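Novice: Dropping the structure in here first, questions after.
The values are calculated or read from the model by the stated rules, or taken from the named source; none is laboratory data. Source: prediction; values computed, not measured. FYI the Cβ positions are ideal-geometry reconstructions off the backbone, even for glycines, and counts take in every protein chain you see. When the accessible area is computed, the model is the full protein with side chains, heavy atoms only, and any ligands, DNA or RNA have been set aside. Shrake-Rupley method; radii C 1.70, N 1.55, O 1.52, S 1.80 Å.
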Amino acid sequence: MPTNAPTSPLTASERVRQVLKAHGRLATAIESLGDTDSLYQAGLTSHASINVMLGLEGEFNIEFPDSLLKRGTFESVAAITSALETLTPG
Amino acid sequence: MTRSTTARPFAELLALTRTIAREVAAKHADSVDRDARFPSETLAALKDAKLLSTLVPSALGGDGASLSELAQLCSVLAEGCSSSAMILAMHQIQVACLVRHGQDTPFFQNYLRLMVSSQPLIGSVTSEVGTFGDTRSSICGVEVAGDRFTLMKKATTVSYGAYCDALLLTCRRNPETSASDQVLVLATKDDYQLKQTTAWDTLGMRGTNSPGFEVHCQGSAEQILPGAYADSSAMSMVPYSHVLWSALWQGIAADAVGRAATMVRAEARKTPGTTPTSAIRLAQVHSDLQAMKHHWQATANEFDQLEATDAGRTELLSLGWALKFNNLKTSCSDMAPRIVHQALQITGIMGYKNDSPYSVGRHYRDVLSASLMVSNDRIAAKSASMLLVFKDT
Ligand SMILES: Cc1cc2nc3c(=O)[nH]c(=O)nc-3n(C[C@H](O)[C@H](O)[C@H](O)COP(=O)(O)OP(=O)(O)OC[C@H]3O[C@@H](n4cnc5c(N)ncnc54)[C@H](O)[C@@H]3O)c2cc1C
């Protein structure tokens with residue numbers, strides 16, 4: 001798992017959840033969603049998803065290639081975490 | 001898609017549409033505009049020629065036309081009557097959603113097959129009181145009990161609503177879910193009651209007859225299109241809307257330029273050997289018109305090529321494609337009024353008069369709707385936000 005903060009006590013999926021909490025504007029609280037629950041059904045709009053992408057790029061110090069900028073990539077906490085695993089910090 | 005024996009060659013569809021554009025749509029265009037009335041003659045002719053099922057796959061009895069072919073048909077019809085072309089385009093956009101997202105279910109397969117024999121006209125209900133032009137959010141939600149659904153939607157604008165045989169509505173997947181968790185529901189005429197809430201007395205596109213309606217519907221749960229509207233919007237509704245609209249706006253602009261060109265030629269015949277000054281303007285506007293045409297053609301061709309590949313459809317969910325369609329829509333909708341404006345400078349007072357053969361007033365008023373029909377500012381704001389993460393590499 002790429003990380004620019006090796007000492008961070010949080011797991012990747014916890015950090016993803018923090019970004020979603022800050023930028024996802026979800027109608028359902030992120031705490032009550034499972035890792036594979038649909039974020040879109042929880043109210044993630046395409047506009048908010050852009051802010052989530054920006055938040056993730058900052059938090060993980062990575063850049064999403066255009067090929068990953070698809071709805072499916074941001075479908076759930078698990079989908080985001082596994083997409084991040086394919087990327088190395090820049 | 002390969003054409004089967006039921007599918008007519010595209011040249012035939014084009015010839016039929018061209019004849020209807022010239023002999024029916026163009027003849028009634030002025031009265032349709034003046035009286036803000038539904039272009040019933042044109043729609044009857046289109047139904048007669050079975051041009052409302054051109055997009056239905058040939059396996060189901062239709063012509064299996066591609067996006068670039070449909071766009072050509074809309075553009076040609078727009079040269080005769082903008083409102084008729086907008087109605088044809090809106091209908092085809094709804095059919096595209098059914099074909100591309102419903103075809104695997106028995107209900108929609110059967111509906112598409114019936115479309116060929118009965119040529120129903122399908123209207124679009126994406127707008128809603130309170131969502132302010134954001135098609136990707138809904139307030140109303142469909143309620144399913146057993147195998148039946150009920151839905152009530154307060155729509156701000158429904159083109160040819162009173163003349164539809166069916167409506168395709170956006171709504172929340174259920175009343176409790178979030179505003180952007182939407183689905184599409186097909187309601188056929190027997191399933192809905194309409195209460196008109198506003199009037200349609202507009203600057204242009206008057207024949208589209210698009211007032212507000214309160215739509216009350218109930219039907220079988222199978223009429224809910226499978227999948228999420230998020231996907232059908234990105235893969236079908238947006239691509240078909242932006243390409244078909246751009247093509248028809250270009251057709252309107254082409255007719256205005258055509259009128260200007262006729263006038264320039266008439267002037268040139270009076271003084272052979274000297275090129276009229278207005279010919280220079282014509283040369284300039286001709287180049288703009290070509291750029292506009294090439295823009296929608298290139299996008300439609302690229303879309304059709306993508307469709308032929310396995311990964312094609314999911315590619316349409318990428319930001320790159322969303323930006324491409326946004327750019328097409330904003331660029332063509334800005335360009336159309338500019339082109340008609342240039343045509344007016346060429347025709348002068350003869351173009352300004354409503355009762356002259358060179359009149360471009362209707363064209364001008366009609367194309368002014370282009371930037372409002374899904375607001376360009378709203379689209380630009382979305383593109384701006386996508387460009388914060390899109391690298392275009
Ligand atoms: C000819 C015609 C036919 C139509 N037919 C149909 C139909 O059949 N069915 C249907 O459902 N609808 C139809 N519509 C309605 C259409 O889909 C839109 O809903 C409608 O045009 C948008 O209305 P609005 O101007 O209030 O939208 P808004 O998008 O809310 O725009 C209003 C204003 O707010 C500004 N604005 C809004 N959002 C933003 C943003 N994010 N950033 C910056 N500025 C913003 C815009 O610049 C604009 O000035 C039709 C419209 C037209 C013109």
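Novice: For B:Val257, work out the one condition from (1) buried (at least 19 other Cβ atoms within 10 Å of the Cβ); (2) in a loop (DSSP other than H, G, I, E, B) it doesn't fulfil.
Specialist: So the condition that B:Val257 fails would be (2).
Novice: Also, I was wondering about something else. Among the residues of segment A:10-24, write down those that are assigned to a loop (DSSP other than H, G, I, E, B) and surrounded by 15 or more Cβ atoms within 10 Å (Cβ to Cβ).
Specialist: The one that is assigned to a loop (DSSP other than H, G, I, E, B) and surrounded by 15 or more Cβ atoms within 10 Å (Cβ to Cβ): A:Gly24.
Novice: So if I check each of B:Ser178, B:Ser233, which one is within 14 Å of another protein chain (Cβ to nearest Cβ) and under 24 Å from B:Met86 (Cβ atoms)?
Specialist: Every option except B:Ser233 fails the conditions.
Novice: Working only within segment B:263-298, note down all residues that are β-branched (Val, Ile, Thr) and either open to solvent by less than 60 Å² (accessible area, probe 1.4 Å) or in contact with a strand residue (DSSP E or B) (Cβ under 6 Å, 6 or more places away or on another chain) (or both).
Specialist: B:Val264, B:Val285
Novice: Moving on. Do we find a residue being more than 14 Å from chain A (Cβ to nearest Cβ), surrounded by fewer than 16 Cβ atoms within 10 Å (Cβ to Cβ), touching a residue at least 12 places away in the same chain (Cβ under 8 Å) and not in a helix (DSSP H, G or I) anywhere in segment B:309-331?
Specialist: Checking segment B:309-331: not a single residue is more than 14 Å from chain A (Cβ to nearest Cβ), surrounded by fewer than 16 Cβ atoms within 10 Å (Cβ to Cβ), touching a residue at least 12 places away in the same chain (Cβ under 8 Å) and not in a helix (DSSP H, G or I).
Novice: Being hydrophobic (A, V, I, L, M, F, W, C) and under 20 Å from the mean Cα position of the chain (by Cα) is the filter; apply it to segment B:190-212 and report the residue that is nearest to the ligand (Cβ to nearest atom).
Specialist: My answer is B:Met205.
Novice: Quick one: is B:Arg148 away from the ligand (no atom under 16 Å from the Cβ), open to solvent by 40 Å² or more (accessible area, probe 1.4 Å) and over 27 Å from B:Ala44 (Cα atoms)?
Specialist: Yes.
Novice: Hey, another quick one. For segment B:180-191, name all the residues that are among the hydroxyl-bearing types (Ser, Thr, Tyr) and open to solvent by less than 20 Å² (accessible area, probe 1.4 Å).
Specialist: B:Ser180 - this is the single residue of segment B:180-191 that is among the hydroxyl-bearing types (Ser, Thr, Tyr) and open to solvent by less than 20 Å² (accessible area, probe 1.4 Å).
Novice: Are any of the residues in segment B:235-243 within 30 Å of B:Gly361 (Cα to Cα), within 13 Å of the ligand (Cβ to nearest atom) and either at pLDDT below 95 or open to solvent by 30 Å² or more (accessible area, probe 1.4 Å) (or both)?
Specialist: Scanning segment B:235-243, I find at least one residue that is within 30 Å of B:Gly361 (Cα to Cα), within 13 Å of the ligand (Cβ to nearest atom) and either at pLDDT below 95 or open to solvent by 30 Å² or more (accessible area, probe 1.4 Å) (or both), so the answer is yes.
Novice: Something else now. Conditions first: (1) away from the ligand (no atom under 16 Å from the Cβ); (2) more than 14 Å from chain A (Cβ to nearest Cβ). B:Ala89 passes all but one, so which condition is the exception?
Specialist: (1) is the only condition that B:Ala89 fails.
Novice: Quick test for you: out of B:Val374, B:Val367, B:Val285, pick the one residue that is aliphatic (A, V, I, L, M), assigned by TED's automatic domain parsing to the domain that holds B:Leu244 and away from the ligand (no atom under 16 Å from the Cβ).
Specialist: B:Val285 is the lone residue from the list that is aliphatic (A, V, I, L, M), assigned by TED's automatic domain parsing to the domain that holds B:Leu244 and away from the ligand (no atom under 16 Å from the Cβ).
Novice: Next question, about the same structure. Got a sec? Which helices (runs of 4 or more DSSP H) wholly within segment B:1-64 have at least 2 residues that are among the basic types (Lys, Arg) and not assigned by TED's automatic domain parsing to the domain that holds B:Asp310?
Specialist: Answer list for segment B:1-64: B:26-34.
Novice: With respect to the numbered conditions (1) within 10 Å of chain B (Cβ to nearest Cβ); (2) at pLDDT 95 or above, which one is the sole condition not fulfilled by A:Lys21?
Specialist: The failed condition is (1).
Novice: What do you reckon, is B:Asp377 surrounded by 15 or more Cβ atoms within 10 Å (Cβ to Cβ), under 26 Å from B:Val125 (Cα atoms), out of contact with any Pro (no Cβ under 7 Å at 6 or more places or on another chain) and not polar (S, T, N, Q)?
Specialist: No.
Novice: Could you give me the residue pairs with C-beta distances under 8 Å whose first residue belongs to segment B:363-375 and is small (Gly, Ala, Ser), whose second residue is near the ligand (Cβ under 9 Å from one of its atoms) wherever it lies, and which are 6+ apart or on separate chains?
Specialist: Final answer for the pair search is B:Ser369/B:Thr202; B:Ser369/B:Gly204; B:Ser369/B:Met205; B:Ser375/B:Gly133.
Novice: If the requirement is being under 22 Å from B:Ala234 (Cβ atoms) and either touching a Phe, Trp or Tyr at 6+ places or on another chain (Cβ under 7 Å) or away from the ligand (no atom under 16 Å from the Cβ) (or both), which of these qualifies: B:Val158, B:Val183?
Specialist: B:Val183
Novice: Taking A:Ser49 as the residue in question, decide whether it is in a helix (DSSP H, G or I), closer than 24 Å to B:Thr135 by Cβ and more than 7 Å from every other protein chain (Cβ to nearest Cβ).
Specialist: For A:Ser49, the condition - in a helix (DSSP H, G or I), closer than 24 Å to B:Thr135 by Cβ and more than 7 Å from every other protein chain (Cβ to nearest Cβ) - is met.
Novice: Tally the residues that are away from the ligand (no atom under 16 Å from the Cβ), open to solvent by 10 Å² or more (accessible area, probe 1.4 Å) and either within 14 Å of another protein chain (Cβ to nearest Cβ) or within 30 Å of B:Asp63 (Cα to Cα) (or both), restricting the search to segment B:106-145.
Specialist: Of the residues in segment B:106-145, 11 are away from the ligand (no atom under 16 Å from the Cβ), open to solvent by 10 Å² or more (accessible area, probe 1.4 Å) and either within 14 Å of another protein chain (Cβ to nearest Cβ) or within 30 Å of B:Asp63 (Cα to Cα) (or both).
Novice: Please determine whether any residue of segment B:158-170 is out of contact with any helix residue (DSSP H, G or I) (no Cβ under 9 Å at 6 or more places or on another chain) and within 14 Å of chain A (Cβ to nearest Cβ).
Specialist: no
Novice: Within segment A:65-77, is even one residue facing chain B (nearest Cβ under 7 Å), open to solvent by less than 30 Å² (accessible area, probe 1.4 Å), touching a helix residue (DSSP H, G or I) at 6+ places or on another chain (Cβ under 6 Å) and not in a helix (DSSP H, G or I)?
Specialist: yes
Yes or no, residue by residue, for (1) within 13 Å of the ligand (Cβ to nearest atom); (2) more than 17 Å from the chain's Cα centre (by Cα); (3) not in a loop (DSSP other than H, G, I, E, B):
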position	(1), (2), (3)
B:His294	no, yes, yes
B:Gln297	no, no, yes
B:Leu306	no, yes, yes
B:Ser333	yes, no, yes
B:Met350	no, yes, yes
B:Asp355	no, yes, no
B:Val389	no, yes, no
B:Asp392	no, yes, no
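Novice: Counting just the residues of segment B:68-105 that are in contact with a Phe, Trp or Tyr (Cβ under 7 Å, 6 or more places away or on another chain) and over 23 Å from B:Pro39 (Cβ atoms), which one comes out surrounded by the most Cβ atoms within 10 Å (Cβ to Cβ)?
Specialist: Residue satisfying both the conditions and the ranking: B:Leu98.
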